[in-house]
Amino acid sequence: MDFCYGSKAALQGIHLDVEYHRVTALIGPSGCGKSTLLRCINRMNDRVAGARVSKGEILVKGKNIHDADVDLTQLRKQVGMVFQKSNPFPKTIYENVAYGLRVHGVKDKTAIDEAVERSLTQAALWDELKDRLHAHALGLSGGQQQRLCIARAIATMPDVLLMDEPCSALDPIATLKIEELITQLARDYTVVIVTHNMQQAVRVSDFTAFLHLGKLVEFAPTEELFTNPREKLTDSYLRGTFS
Amino acid sequence: MSPVSQQPASRPLGPLLLRKKGFSLFGITRASLVRRFFSAMASVAIIVLVLIMVFLLRDGAGFLSTYRASLDVYRKSGMELCDLLEQPVREMQDKSTSLLRRALAHELATLTGEAKQRRDAVVVLIGKVQAMSAPERAALEVVLTASAPPETLADPRDQLRQATSRAAMSIPIPSVLSSREVEQFRRELATLTPENTELLPMLTALEAEFARQDTAARAQFAPLSAAVAACEQAPAALYETLVPLHKHARNTKELAQKRLSSRDQPEVHFPDQLKPILDARETLLTRLDDYGSRLKQAQAALPAETRSEEAAELLAQVRELLPEQAVQTAGIREKVLEWDGMHTVSMFHAALGFCFGPHWITNSPWQDFYGVVPLLTGSVLISVIALLIATPLSIAAAVYTSQFASDREKEYIKPVIEFIQAIPSIVLGFIGIALLGDLIKSVSHWPLLAWLPGFPIEERLNMFNAGCLLALMAVPTMFSLAEDALNSVPQSYAAASEALGATKLQTVFRVIVPAALSGILAGILLGLGRVIGETMVVLLVAGNRIAIPDFGDGLGVVFQPAHTLTGIIAQELGEVSRGSGHWQALFMVGILLFIISLVVNWCARAFARRLETPKS
Amino acid sequence: MSASNPFSGDNDSARRRETAMRWLLRLGSYFVVFVTVAIFAHISHKGLPALLKPEFPYIDTSFLTELPGTLHVIEDKQGRVTQTSPQEAETIKKQLGNELRSEKTISYAGGGILGPIVGTALLVLVSVTVALFLGVCCAIYLSEYAKKGKFIEMVRLAILNLAGVPSVVFGLFGLGAFVLTAPVLTDLPADRAVFVIPLGFTNLSFQGWDTCVLSGGFTLAFVILPVIITASEQCLQAVPQGFRETSMALGATRWQTIWRSVLPFATPGILTSTILGIARAAGETAPIMFTAALAFKDKLPWQKDLPPLPADAGMFAHWEQSVQRCLGVFTESVQALPYHIYTLAAKIPQNEYSEQAQYGSVFVFLILVASLAATSIWLRIHLRKKYKW
């Protein structure tokens, strides 16, 4: 698959098979196109004027997501996303989690209540927050906010969860919690995570893809890639000879 | 460069750079002097605000005592007692007699309706024929007034005759006239020339027929017309008793005023002056009771059966109204008995009279009242209309421009809306008089829209008209503040919402608009401030009728004319003498406006501050 | 279909609602734009004829160069209608003799609008001079000297509130402060003076300036003061901090820094915003109603009746009189364009003859004010491109 912003090519010749219900990590130096690749999967790049996939296709559940009959809202409902910086809406905690359901037309109060409880529990927030569901979300700590964002993303029961450096703005303890969460989520969801932190990739992922300058250099099970990289470039990156 | 380098570089720089001790005044250095100068300049804004308050108060503060004194004389001269009796009675009379008259008219119409229709049709037709031959008529008139020789008259006369008969033959005649009558009427119409000064025989006949039927009908409805007359006559005796009292009270007031204007005049001894009025109180009360019993008689005399449904309905209303009025009469009686003419009017009473008084009456030969309620109602109603129109429009425009519009659309939508701010208010007021008034009026006469409340409207200049124009004035303020607020919502909210599969519209209305809400509200409030303080548009367009609008016809109230706080100052200040009670009252209105503007501003700021508080 | 396409759109109605809503919003925006353009077009369509004439060169400037007067409408027996001035009306009536059918007079609607234009220009001159001086000084303090504190908060609060005060209240203030109270130097204090301070050679009497250009100009100055302060402060803030630091590092005093390295760069912006202030001052009616404006005046402000000088008057007497003439311009009431429009709209009947004067004045006024505002906006965009630090 090729991808470009206007005339500037951002990704070239990527071929990647993401395994079902596994955590796949995308690593690479800054500007290598990790985030762009991630954002292709739920077509968030459509928001950027001039951005398009110029060659190849992205198949999710066997369907090319750029086909004309693909409904963007349905695609994004099934491919959730968590952003680098936590961005809860300026609403209550409850409303934040319920938002995805509401925009997809769920009106049943009990269904929403259940979904809120389920997703907050999965995001390991339920015990902390069950008493103040109607407090303002912006009053939470950074780690809680990010987990709330994860809860919000999984409230619509997506099949795939995309995470764009979800821990980069957090302190180590909050990071640890999120990482535990990711491992747990992999039981129910297919997770694709972009990370800067190679230790994190080792800790959480089952597969790792290494990208460099918009090209896929190596894609392998995490253990294999980190202990025995096939490519020289991967090796030197892992050793830290360039970044 | 070369001349400089050729100069002998010799003077040592050191002494030049060492600053000498600067200029100082009373031990203040120049730097701090400059600083003080600027800080004094900065305080200009505060000073002006304080000065505005001071000057408004200087001319307005005396109002309460002036008004108190005036109300005091009003009470002690006995005028208050007269009004206490007369005004409610007059109001009641207006209501009941107008209902009764309408009932009678409906009843008469059942018998004389056809005759009236025939007569009216003939009158209309005559007018139409004359209009159709208007050009020939005008030509003949030109010749006639020129006192030309008689032979030149023949030709235009002939032409007029031809035109008239052509019109008489071609005009469609409604079916109220029988075919024989139609023929006769066409013949008569053809003679409608300036020489024929007599009424057409047809019209005379129909007129006579109608008059005959009318008399007959009146005879048949004798009980009703008698009831109407009885009701009309009910308060006559009361009014008659009041006339000398009015005169006496006014006389007392004049004496008191003379005494106020110069010390040489003898002091007025109010208890003595009031005595005749107090003595008459008993008589007045008897008259009032008499009025009440007359009302009862009138009710008893109301005929039980009517020919038309409308009359039956109106009479039912009257039947409901009259007992109510009897209760009211008892209330009046109590008030008159309680009234104490020697009880001095308090400042508090005067203040209440200003804030809640329902009348703004000036230059009256009887008594001036400065009650601000009619003006305030007008101002508030117009502002509400303006906000109801401006808010959806400006928010729609702001949402569209900031979220949906392409860059090219933005390039002209924004400047055009901002351009509205540059249109002076007087120009908009002129548009209201010259264009919008007639536009609204003619639209309201479309039969299609007759179901709307208040349609068709009579007054060209009304609150709705002013509200529309003020809405236009408020749009730019609201639009730019709302647009700023929407633009300052972080992009990440939109990204998060869209990643959850929300459509653009859902994102905008569920996330972006709520996040920008406090900014939008601040914009609406500032728009309100602009609208309520606006002068020229309301002065020109609102219709300037000083009365509390009649809320009886529901939403149609917006099509009534009204006066406003700002308008009254602009209209009346130029014509009053400095320092008079009226002048002071206008400054009080100014103080009220000033306070309103401060409050609105404060609220807007409170909202805007909520927007500024960092979200974390 | 759904088996092969897990992401098929499920409902068309949602999409239709989406489109409908989008169109509704677009409609709202375009409605506002349409109304604005329609008003402008209507005024131009009806007002432009006042400046045109049927023969070459098609532009008739007499509307701009004549004083307002009474319009005489004379109709003869052929139904021909002539609109003319009072003087010509006499001659025409004589010519017509008994051909005359009717004559109507409409006050204020004849002649041109030179008087109001000149009056508005004078008012704007005074108000902008005053407001610019006060406003820029205030802005310099706020942006250069002020430290955070109670005083500054109060100043900012006052500026915000001043911006919200209704213009008619400014009118009342101007009436109380300038027309009736402001101090004048006079040998003979009037009775109405609030108080008098004797200065020996003359008296400083607080008796007010009466309704005149000065009173009106000062009142308008305070109306536009918040606009000028806010805009000037923004311009000063826009000058990069580095300029100040460099200057201070070279040992310049604060004032030298402001004078040499801040003001010169802020001046273009300040002047631009001043134009906006001019447009605002020219457009206000309520503040000048009681402080400066007259409904009718048949002379220009400088054509004041002064006692004729004796034939042998010296140079000095002539010079003194012309100075008096010049200063007299500011101590007289004038006609102002917005007030003239008010008179035309409210005090004379609406008919086909008064229409031209009404729409003509409104058109000229709107063009003046709008072009000022447009210039200001254009300059602001232009300057922003030019000065990018």
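Can you tell me the length gained on complete extension of the stretch residue B:411 to residue B:198, counting 0.36 nm per residue apart and subtracting the Cα distance? Extending this stretch completely gives an extra 69.5 nm. Extending 7 Å from Cα along the Cβ direction at residue A:68 and again at residue C:61 yields two label points whose distance is 6.5 nm. Here residue A:106 and residue A:126 are evaluated by their C-beta separation; at R0 = 25 Å the FRET efficiency comes out at 0.80.
Stretched out straight at 0.36 nm per residue, the stretch from residue C:367 to residue C:382 would grow longer than its current Cα-Cα span by 3.3 nm. The modelled label-to-label distance between residue C:129 and residue B:229, using points 7 Å beyond Cα along the C-beta direction, is 7.8 nm. The reciprocal of the average 1/r between distinct C-alpha atoms defines the Kirkwood hydrodynamic radius, which for the protein assembly as shown equals 38.9 Å.
Considering only C:256, C:82, C:335, the residue lying farthest towards the positive end of the dipole of chain C is C:256, judged by Cα position with unit charges set on Cβ. The mean sequence distance of close C-alpha pairs (under 8 Å, at least 6 residues apart), as a share of the length of the range C:144-217, puts its relative contact order at 27 percent. Amide H to amide H, with H built 1.01 Å from N, residue C:294 comes under 5 Å of C:334, C:335, C:336, counting only residues 5 or more places away or on other chains.
Normalising the average separation of contacting C-alpha pairs (under 8 angstrom, six or more residues apart) by the number of residues puts the relative contact order of the range C:68-111 at 59 percent.
Add +1 for every Lys or Arg and -1 for every Asp or Glu among the other residues with Cβ under 14 Å from the Cβ of residue B:309, and state the total. Local charge sum for residue B:309: -2. On a 0 to 90° scale, report how tilted helix B:581-612 is relative to the longest principal axis of chain B, with both axes built from alpha carbons and the result rounded to the nearest 10. Value to nearest ten degrees: 50.
With contacts taken as Cα pairs under 8 Å and at least 6 residues apart, the range B:111-217 reaches a relative contact order of 42 percent. Seen from residue B:474, the other residues with C-beta closer than 14 Å to its C-beta sum to a net charge of -1, counting Lys and Arg as +1 and Asp and Glu as -1.
Taking Cα atoms only, the orientation of helix A:93-103 departs from the longest principal axis of chain A by about 70 degrees. The convex hull around the C-alpha trace of the range A:23-112, projected and averaged over every direction, spans 8.4 square nanometres. Relative to the current alpha-carbon distance between residue C:331 and residue C:102, full extension at 0.36 nm per residue lengthens the span by 78.3 nm.
For residue C:203, the amide hydrogen comes within under 5 Å of the amide hydrogens of C:186, C:187, counting only partners 5 or more places away or on other chains and with H modelled in the peptide plane.
Among the helices of chain C, those built from whole DSSP H runs whose Cα atoms reach 24 Å or more along their own axis and whose mean Kyte-Doolittle hydropathy is at least 0.0 are C:12-47, C:114-140, C:213-238, C:263-283, C:352-386. In chain B, helical runs assigned H by DSSP with n ≥ 4 each contribute -39500 (n - 2.57); averaged across all residues and rounded to the nearest 500, the mean residue ellipticity at 222 nm is -23500 deg cm²/dmol.
First check a/c for the range A:86-243, with a ≥ b ≥ c the square roots of the eigenvalues of its C-alpha gyration tensor; if it is under 1.5, answer rounded, and if not, answer prolate when a/b is larger than b/c or oblate otherwise. The shape class here is prolate. Scanning residues 5 or more positions from residue A:193 or on other chains, those with amide H under 5 Å from its amide H are A:24, A:25, A:26, A:163, with H placed 1.01 Å from N in the peptide plane. Taking a straight line from the alpha carbon of residue A:55, these aspartates and glutamates sit under 20 Å away, with near neighbours fewer than eight places off in the same chain left out: A:2, A:17, A:46, A:67, A:69.
A straight line joining the Cα centroids of the range B:347-410 and the range B:190-229 runs 50 Å.
Using the Cβ-Cβ distance between residue A:117 and residue A:184 with R0 set to 22 Å, the FRET efficiency works out to roughly 0.85. Rounded, prolate or oblate: pick one for the range B:429-555, where a ≥ b ≥ c are the square roots of the eigenvalues of its C-alpha gyration tensor, a/c under 1.5 means rounded, and failing that, prolate if a/b is larger than b/c, else oblate. It is prolate, given that a/c is not under 1.5 and a/b is the larger ratio.
Neighbours of residue B:410, meaning other residues whose beta-carbon lies under 15 angstrom from its beta-carbon, give a summed charge of -3 when Lys and Arg score +1 and Asp and Glu score -1. Based on the Cβ-Cβ distance from residue B:40 to residue A:136, what FRET efficiency comes out when R0 is 35 Å, to the nearest 0.05? Rounded to the nearest 0.05, the efficiency is 0.20. Taking 7 Å steps out from each Cα toward its Cβ at residue B:446 and residue C:38 produces label points 1.1 nm apart. How far is helix B:201-220 tilted off the main Cα axis of chain B, in degrees rounded to 10, range 0 to 90? Taking Cα atoms only, the helix is inclined about 90 degrees. Give me the distance between the Cα centres of the range C:321-389 and the range B:49-117, rounded to whole Å. Between the Cα centres of the range C:321-389 and the range B:49-117 lies a distance of 43 Å.
Readers should treat all values here as calculations from the given coordinates under stated rules, not as data from a laboratory. Owing to the predicted nature of the structure, the values given are computational and were not obtained by experimental measurement. Virtual Cβ from ideal backbone geometry, glycine too; neighbours counted across all protein chains shown.
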